Amino acid sequence: MIIKKNISLKPFNTFGMDVNAKEFASIDSLKDLIAVLNTNPSRLFILGGGSNILLTKDVDALVLHINLKGISVISTSEKKVKVQVSAGENWHEFVNWSLNKNYGGLENLSLIPGNVGTAPIQNIGAYGVELKDTFVSCEALSTQTNELKTFTKDECDFGYRNSIFKNALKGQYIITSVVFELSSENHSIKTNYGAIESELERTGIKTPTIQEVSKAVIAIRNSKLPDPKILGNSGSFFKNPVVSYSKFEILQAQFPLIPHYKVSKQNVKIPAGWLIETTGFKGKTFGNYGVHDKQALVLVNYGGASGETILKLSIQIQKAVKLIFDIDLESEVNIL
Ligand code: EPU
């Protein structure tokens, strides 16, 4: 393992921010990871797929790019299979691996950028499915004691785009592998998320396979979300806010068409994309950055924009949403 100095992180973050890491090491084995932690670096920064981060300045730390690879079936039982996946595997490549083996459970999560090891941190989700639905456990290395610990699903305390690794244990563990339980037959097909059904209808599919659900999800994502390889972005920049029913009723009286999803007896979720679109920001460009024209939740770097300007734009959007709807939008991406 080589520790390099002053390395540009541009190829390592999907927003394409050209900031430098003070030090940088690509980690290919657990042995290397433990060895580097044993040198007691004063400041560490863990990078997975770099798909959920906005870098606004140089990173004054040792950046560890987790590149651990490997996928293996660790147990099979009737109708189920447990698979252990190393943290540095690309998420979508792993989803494709599972579909090729005809293992079900991940098809709705097709084409999400990022790596397997960072997926549990924000409990990635799309089209009615979240990572936690197939998650069994993960192994993680403590940055304080250098010991490996297994976290069960309960211990991860998953929530909407949330987990213990974003809260109480933030920065304290490096996830090295994840175990998933997938179906090997009698797959449970989840198409009740509106856009999937209409996409399947459009293509004339009545009883879809998991591979066909994946295809539909990919078509929907491609129609709305920019490919980070072509246009710098980090997916949804904000979380969809959850508000109380009483607050929602006040908003609905003023905006009768406001979309919403019931999350509990007391609360409703409102699509942040709609709130942002209603403020007039959708499709707005400001030189080399802006708000995506097909999905207002996505901020984009057209090339050469700085993280700071995108952060400023996100604050402007938050202010506009607060002014019109009295709702606080919380960012979904990590900002550094
Ligand atoms: N909408 C608008 N205008 C927009 C965008 C959305 O009015 O510009 C409204 C529409 O009413 C639409 C509704 O919002 O029906 C929902 O839009 P969409 O299905 O695109 O989903 P979303 O709530 O905007 C969430 C996730 C996405 C995920 C999709 C599909 C969050 C923060 N985002 O977006 O996740 O792909 O659902 O499940 O929960 C990500 O996390 O990076 C991400 C892309």
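The values are calculated or read from the model by the stated rules, or taken from the named source; none is laboratory data. Just so you know, these numbers come straight off a predicted model, no measurement behind them. All Cβ positions, even for glycine, are placed from backbone atoms using ideal geometry, and neighbour counts span all protein chains on display. When the accessible area is computed, the model is the full protein with side chains, heavy atoms only, and any ligands, DNA or RNA have been set aside. Shrake-Rupley method; radii C 1.70, N 1.55, O 1.52, S 1.80 Å.
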> Taking the stretch 191-207 as the region of interest, how many residues are assigned to a helix (DSSP H, G or I), within 13 Å of the ligand (Cβ to nearest atom) and surrounded by fewer than 15 Cβ atoms within 10 Å (Cβ to Cβ)?
Replying inline: 3
>> Quick check on the stretch 311-325. Is at least one of its residues loosely packed, with under 14 Cβ neighbours inside 10 Å and in a loop (DSSP other than H, G, I, E, B)?
In response: no
> Only one residue in Ile210, Ile230, Ile250, Ile175 is more than 12 Å from the ligand (Cβ to nearest atom), closer than 30 Å to Thr143 by Cα and of a type outside the set (Gly, Ala, Ser). Which one?
Replying inline: Ile175
> So, in the stretch 73-113, of the ones that are assigned to a loop (DSSP other than H, G, I, E, B) and more than 20 Å from Pro228 (Cα to Cα), which residue ends up modelled with the lowest pLDDT?
Replying inline: Glu78
>> Would you confirm, using the coordinates I've provided, whether Leu141 is touching a residue at least 12 places away in the same chain (Cβ under 8 Å) and away from the ligand (no atom under 16 Å from the Cβ)?
In response: yes
> Any idea how many residues of the stretch 144-164 are away from the ligand (no atom under 16 Å from the Cβ) and either out of contact with any Asp or Glu (no Cβ under 6 Å at 6 or more places or on another chain) or farther than 28 Å from Phe238 by Cβ (or both)?
Replying inline: 14
> How many residues does the stretch 7-21 contain that are surrounded by fewer than 17 Cβ atoms within 10 Å (Cβ to Cβ) and in a strand (DSSP E or B)?
Replying inline: 1
> What number goes with the only condition from (1) under 30 Å from Gly70 (Cβ atoms); (2) of a type in the set (D, E, K, R); (3) modelled with pLDDT of 95 or more; (4) loosely packed, with under 13 Cβ neighbours inside 10 Å that Lys229 does not pass?
Replying inline: (3)
>> Consider the stretch 63-72. How many of its residues are of a type outside the set (Ser, Thr, Tyr) and either over 12 Å from Ile27 (Cα atoms) or not in a strand (DSSP E or B) (or both)?
In response: 5
>> As an exercise: evaluate Gly104 against (1) within 14 Å of the ligand (Cβ to nearest atom); (2) farther than 18 Å from Phe165 by Cβ and give the number of the one condition it does not meet.
In response: (1)
> Given the residues Leu33, Leu54, which is the only one that is within 20 Å of Ile174 (Cα to Cα), in contact with a Leu (Cβ under 7 Å, 6 or more places away or on another chain) and away from the ligand (no atom under 16 Å from the Cβ)?
Replying inline: Leu33
>> Tally up the residues in the stretch 276-309 that are within 15 Å of the ligand (Cβ to nearest atom) and of a type outside the set (S, T, N, Q), please.
In response: 17
>> I need the full set of residues from the stretch 47-72 which are open to solvent by 50 Å² or more (accessible area, probe 1.4 Å) and at pLDDT below 95, in order please.
In response: none
> Restricting attention to the stretch 144-168, which residues are of a type in the set (A, V, I, L, M, F, W, C) and surrounded by fewer than 18 Cβ atoms within 10 Å (Cβ to Cβ)?
Replying inline: Leu148, Ala168
